[in-house]
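**Student:** Okay, here's the structure, questions in a sec.
What follows draws every value from the coordinates through simple rules; no lab data is involved. What you see is a predicted model; the values in this text were computed from it and never measured. Note that each Cβ is placed from the backbone with ideal geometry, even for glycine, and that neighbours are counted across all protein chains shown.
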């Protein structure tokens, strides 16, 4: 007697049909498809510049060579994009850049309760960075102590953004007197406001964005960098002190380092939770291959964009560490950032 399973297999083979392995199905999935890449900012800023650089080179490392369409989705200091990526169909055709500040806000319970930072399917990180605090040459800020002695107007997009949370934390922990004026759309908008005399400085512009888009303002002395917030100095500013170096106690330093650790994952990309594992493998492998592409690297160098890629496992580890902040420290960090 012939086993029914063998008969079924024989029938399939006899019909000329071949059952594809799951990996093969995933390999064919992206042929003729379009991938939407959500960007958490207006066009022209650092998040947009990095995302478009990746989008130009990424498709050739995804089997099927899909089209990648960049879609700007500003709002809520990046939270709107984080929300949309979190709830998008988990089919492998929606990805986007996230802001670590939104992840930290959600972890602290400030805003973004509808997202779970540890549930995203991480793709990778293009670069670590620092946040540069710099002041217009007419503002009268030459040293850090000047920020403690006089009120300085700085710009921000909204309370969920790094350009609000960082100066707020620096004010709270280190006693500076920056007055944050919110409502500016992006980096370009704030730079114009400096030139018009509406603002006197900014904390909340990544060092990479400054060097890629407005290096002449630094080289010509129109913007004076006073400090940078991150875990290690940015390559273009080796002698600009880290913000936490001005802390007077170890606890102050701990609060600031906890906040600024997000700069290690300054250019992260993710897919929605529960995106199929085989498609995630394709997206993750393709991302790391794209980051090693000589043409992408050359283009980044031409635009003065630093690259320091990390894979999805490293990103997940950093996010998990953020999620495990002790409750007592979490409260102090939350109070420092401000709601």
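**Student:** Suppose a student asked you for the relative contact order of the chain, using Cα pairs under 8 Å spaced at least 6 residues apart; what percent would you report?
**Tutor:** Relative contact order, the chain: 25 percent.
**Student:** When you take every Cα atom in segment 44-155, what is the radius of gyration, and what is Dmax, the widest Cα pair distance, in Å?
**Tutor:** Reported Rg and Dmax, both Å: 18.2, 59.
**Student:** I would also like to ask the following. What shape does segment 131-262 have by the C-alpha gyration tensor, where a ≥ b ≥ c are the square roots of the eigenvalues, rounded means a/c under 1.5, and otherwise prolate means a/b greater than b/c and oblate the rest?
**Tutor:** Here segment 131-262 falls in the rounded category.
**Student:** Rounded to the nearest 10 degrees, what's the angle between the helix 327-337 long axis and the longest principal axis of the chain, both from Cα atoms, 0 to 90?
**Tutor:** In the chain, helix 327-337 runs at an angle near 60 degrees to the longest axis.
**Student:** Given the -39500 (n - 2.57) contribution per DSSP H run of 4+ residues, what per-residue ellipticity at 222 nm results for the chain, rounded to the nearest 500 deg cm²/dmol?
**Tutor:** -13000 deg cm²/dmol
**Student:** Report the Stokes-Einstein translational diffusion coefficient (µm² s⁻¹, integer) for the chain, Rh taken as the Kirkwood radius over Cα pairs, at 10 °C with viscosity 1.306 mPa s.
**Tutor:** The calculation lands on 75 µm²/s.
**Student:** Where does helix 312-323 land angle-wise versus the long Cα axis of the chain, in degrees 0 to 90, nearest 10?
**Tutor:** 50 degrees
**Student:** Give me the percent of DSSP beta bridges within segment 131-262 that run antiparallel, rounded to the nearest 5.
**Tutor:** 60 percent
**Student:** Among bridges DSSP assigns within the chain, what percent are antiparallel (round to 5)?
**Tutor:** Of those bridges, close to 55 percent are antiparallel.
**Student:** Quick check on packing: order 319-332, 107-120 by the mean number of other C-beta atoms within 10 Å, highest mean leading.
**Tutor:** Packing order, densest peptide first, comes out as 107-120, 319-332.
**Student:** Is the shape of segment 140-206 best called rounded, prolate or oblate, per the rule: a/c under 1.5 gives rounded, else a/b larger than b/c gives prolate, else oblate, with a ≥ b ≥ c the square roots of the Cα gyration tensor eigenvalues?
**Tutor:** It is oblate, given that a/c is not under 1.5 and a/b is not larger than b/c.
**Student:** Counting residues in segment 239-339 as N, plug N into 2.2 N^0.38 Å and put the Cα Rg over that result.
**Tutor:** 1.38
**Student:** Beta carbons within 10 angstrom, averaged per residue: use that to sort the peptides 190-203, 263-276, highest first.
**Tutor:** Per-residue Cβ counts within 10 Å, averaged per peptide and sorted highest first, yield 263-276, 190-203.
**Student:** So how far, in whole Å, is the C-alpha centre of segment 137-178 from the one of segment 34-112?
**Tutor:** For segment 137-178 versus segment 34-112, the Cα centre distance is 28 Å.
**Student:** Which angle between 0 and 90 degrees, to the nearest 10, do you get for helix 277-291 versus the longest principal axis of the chain when only C-alpha atoms count?
**Tutor:** 50 degrees
**Student:** Oh, and also: Taking other Cβ within 10 Å of each residue's Cβ, how do 287, 144 sort, fewest first?
**Tutor:** 144, 287
**Student:** Under 1.5 on a/c is rounded, so check that first for segment 184-262, then, if it is not, pick prolate when a/b is larger than b/c and oblate when it is not; a ≥ b ≥ c are the square roots of the alpha carbon gyration tensor eigenvalues.
**Tutor:** Taking the square roots of the gyration eigenvalues as a ≥ b ≥ c, segment 184-262 is prolate.
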